[in-house]
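Okay, so here's the structure we're looking at.
The values are calculated or read from the model by the stated rules, or taken from the named source; none is laboratory data. Note that the coordinates shown come from a computational prediction; the quantities given were computed from them, not determined experimentally. Quick reminder, even Gly has a Cβ in these numbers, built from the backbone with ideal geometry, and neighbours come from all protein chains shown.
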Amino acid sequence: MIAMTYEGSSIDPAKPSIARVYDYLLGGRDNYAVDREIGDVFKRDLPGSVAIAFANRAALTRAVALIARTTGIRQFIDLGSGLPTADNVHQVAGRHAPGSRVVYVDIDPQVLVHGRALLENDDRTRVVAVDVRDPEAIRTHPDTVELIDFDRPVAVIFSAILHHVNDDEDPAGIVRYWRDQVPSGSHFFLSHFRSGNNPQTVEAEKVLQQTFGRGRWRTDEELAALLDGLEILDPGIVAAPLWQPDETDSVWGTGREHELTVWEHLIAAALARKP
Ligand code: SAM
């Protein structure tokens, strides 16, 4: 297989990619054998762990719907957005708040190829190829400038992205940058791997770190620190399936809240508002 170059970055089918492994775990088709090999470690050796990806995606969908329905926010910046999947942010936001504008940001060249193909005729949505660790480059990118009005509240989404940013790359500084760019009333969604302290989750963290050579799982206290200066809304920082469950979610009304698996506890979600 040949590596394909796109805007200076190359799609390398011989090297696993975070976006493609995640796509495989979610049942997508935009992945290669090398990605499926890593995904199968989770499926085969860590039974039940795939629930992390679904719980994360479901919490993100609920958060976008809630923001669109209840806050008047009509502009979203989705950082580390991933490959297009079943219900993307622009589709959820558009369903609840037609006319919403979305800037997707991802470093994976395949996300750009697929995202741009999907959004070819959509003038309210853009895919920007910039590293989340360079927020200024995202903020000043022509597509961001065109679509996002920074005088009006924005929803900034950090869904399953900051655990791919190491401590020495200053994840808190990245959140702080966006906090300082947006006006009061803006919302921040965070989902993030939680330090588990049990053998299965320690193994899962090791697999991810060895595969991608980076990443840091964090405690709830560390997640709260990432949201410094923001008001964390109810129900706080909780396991993703417990974050505002609704009738589309498996735990809703079942009383299963106390029976979540270690995997479902492993991904935390929170929504915060800039005062
Ligand atoms: N946000 C989506 C979700 O929650 O369903 C996708 C999450 S996926 C686990 C993480 C995504 O972040 C991948 O698409 C990956 O390419 C992207 N990513 C990782 N590091 C990045 C970086 N430094 N800058 C931009 N995107 C990054």
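Residues of segment 149-164 that are in a loop (DSSP other than H, G, I, E, B) and buried (at least 22 other Cβ atoms within 10 Å of the Cβ): Val154, Ala160, Ile161.
Within segment 23-57, the residues that satisfy the criterion of being within 15 Å of the chain's Cα centre (by Cα) and either of a type in the set (S, T, N, Q) or farther than 17 Å from Thr201 by Cα (or both) are Asp23, Leu26, Asn56, Arg57. Within segment 57-71, the residues that satisfy the criterion of being of a type in the set (Val, Ile, Thr) and either crowded, with 24+ Cβ neighbours inside 10 Å or within 15 Å of the ligand (Cβ to nearest atom) (or both) are Thr61, Val64, Ile67.
The residues of segment 121-148 that are within 15 Å of the ligand (Cβ to nearest atom), without any contact (Cβ under 8 Å) to a residue 12 or more places away in the chain and assigned to a helix (DSSP H, G or I) amount to a single one, Ala137. So, in segment 72-101, of the ones that are touching a Gly at 6+ places or on another chain (Cβ under 7 Å) and farther than 19 Å from Ala55 by Cβ, which residue ends up farthest from the ligand (Cβ to nearest atom)? The qualifying residue farthest from the ligand (Cβ to nearest atom) is Arg74.
Quick check, is Gln200 part of a helix (DSSP H, G or I), polar (S, T, N, Q) and crowded, with 20+ Cβ neighbours inside 10 Å?
In short, no.
The residue that is farthest from Pro98 (Cα to Cα), among those in segment 108-148 that are loosely packed, with under 14 Cβ neighbours inside 10 Å and modelled with pLDDT under 95, is Ala117.
Of all the residues in segment 219-260, those that are surrounded by fewer than 16 Cβ atoms within 10 Å (Cβ to Cβ), at pLDDT below 95 and touching a strand residue (DSSP E or B) at 6+ places or on another chain (Cβ under 8 Å) number 2.
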